[in-house]
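Remarks on the structure that follows.
Nothing in this text is a laboratory measurement; each read-out follows from the coordinates by a stated rule. These numbers were taken from a predicted model, which means no experiment stands behind them. Reconstructed Cβ throughout: ideal geometry from the backbone, glycine too, with neighbour counts over all protein chains shown.
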Amino acid sequence: MAERRTLMDGVWRVLLLLWAISIIFPVIWILYQSFRTNAAFFQDIWALPTELRWGNYSKAWNDYNIGKSFANTLYYVGVSLVLGTFLTTLNAYALTRMNFRGRKLIWGLIMLSLFLPGINALVPQYILMKSLHLTNSLTGLVILDSFGENVFFLMLLGGFMSSLPRDLEESAFMDGASIFQMFWRIIVPLSTPGIVTVAIFKFLGLYNNFLGPFIYLGDPAKYTIGVNMYQANMKMQYTSDWVTMFAGVMIVMVPSIIFYVIFQRRIMEGATMGAMKG
């Protein structure tokens, strides 16, 4: 039997189409502007390029030191992703699969933190990082983002783990398995879909993170890609080399776009699965 479509279905489809266009159009506009000259850009910002100037990309790579900032971002994102995902998995296991005094209180405090704006922790975090001599350090950023637990990820993975049967753990305990062995050999393999979902969201958040690196990094040689492009944008008031800037923006966007295209289905499936499990 064919599915009946109502008027509201059509309205929602139109709204979603307009939303998609509002996101895709600026990307396309930046893309073709990155192949033009500055003179042509200031003459007519809507005209298509008459020739493709690939030199804008090599100039952006060299002038904005994108290679170095990519290396800094790779270290920051890679280490934070591995360490942070492991700690989130460990915390979710402890709060959902283990019974200990104060567990409900800890969950209550975690839920309470959802109502507190994260910006409130900015000043005490900075004072703590400065007192520990972790400012202007990529390793300090890794520590901050890895040990600073995200409530959304904890709830997502915790909801997934709480639905797993306890029979396997009880059998493993009877066979003499330790708590960490049960966690590593039973819970982690069964929770792989949820862990992958959390890791994907963590990657996108870390790669696009701007505020943390902007506040804690003062040395240009340590800038991540987001801070580096912000500084490049600040130079436009003196150079007005917009086409090179657009080329740099496109280079920076490529990794996240490729990552999203590859894992798009996994993101949707994992998020839905986590919501249903919770």
- [ ] In nm, give the distance between the simple-model label positions of ALA177 and SER58, each being 7 Å from the Cα along the Cα-to-Cβ direction.
- [x] 5.7 nm
Open item on the list: Under 12 Å between alpha carbons, and skipping anything fewer than 8 positions from LYS235 in its own chain: which aspartates and glutamates qualify?
Closed with: ASP63
Task: Cα→Cβ-extended label distance, 7 Å offset, between LEU112 and TYR75, nm - done: 3.9 nm
Task: Estimated vicinal HN-Hα couplings, Hz - segment 132-146 in sequence order (Karplus 6.51, -1.76, 1.60; Gly, Pro = x) - done: 8, 6, 10, 6, 6, 9, 5, 5, x, 5, 4, 4, 4, 7, 7
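By average Cβ neighbour count within 10 Å, what is the ranking of 239-247, 6-14 from highest down? Walk me through the intermediate numbers first.
Values: 239-247: 20.4, 6-14: 9.6.
Highest to lowest by the protection proxy: 239-247, 6-14.
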TODO: Using per-residue counts of other Cβ atoms within 10 Å, averaged over each peptide, order 168-181, 125-138 from highest down.
DONE: 125-138, 168-181
Open item on the list: Could you tell me the calculated FRET efficiency between SER256 and ASP219, based on Cβ-Cβ distance and R0 = 22 angstrom, to the nearest 0.05?
Closed with: 0.35
Task: Least to most buried among TYR260, TYR64 (fewest other Cβ within 10 Å first) - done: TYR260, TYR64
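How large, in Å, is the chain by the Kirkwood hydrodynamic radius built from its alpha-carbon pairs? Don't jump to the answer; show the numbers that get you there.
Numbers: mean 1/r = 0.0451 Å⁻¹.
This gives a value of 22.2 Å.
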Open item on the list: With the crude spin-label approximation of a point 7 Å out along Cα→Cβ, what separation in nm comes out for TRP29 versus ARG266?
Closed with: 3.4 nm
- [ ] Please work out the C-alpha center-to-center distance from segment 199-239 to segment 146-162 and express it in whole Å.
- [x] 26 Å
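Give, as a single signed number, the net charge of other residues whose beta carbon lies under 14 Å from the beta carbon of VAL82, with Lys and Arg counted +1 and Asp and Glu -1. Provide the component values of the computation, followed by the final result.
Details: positive: LYS202; negative: ASP145.
Net charge in that neighbourhood comes out at 0.
In percent, how large is the relative contact order of the chain, given Cα pairs closer than 8 Å and 6 or more residues apart?
Values: 236 pairs, mean separation 89.6, N = 278.
Value for the chain: 32 percent.
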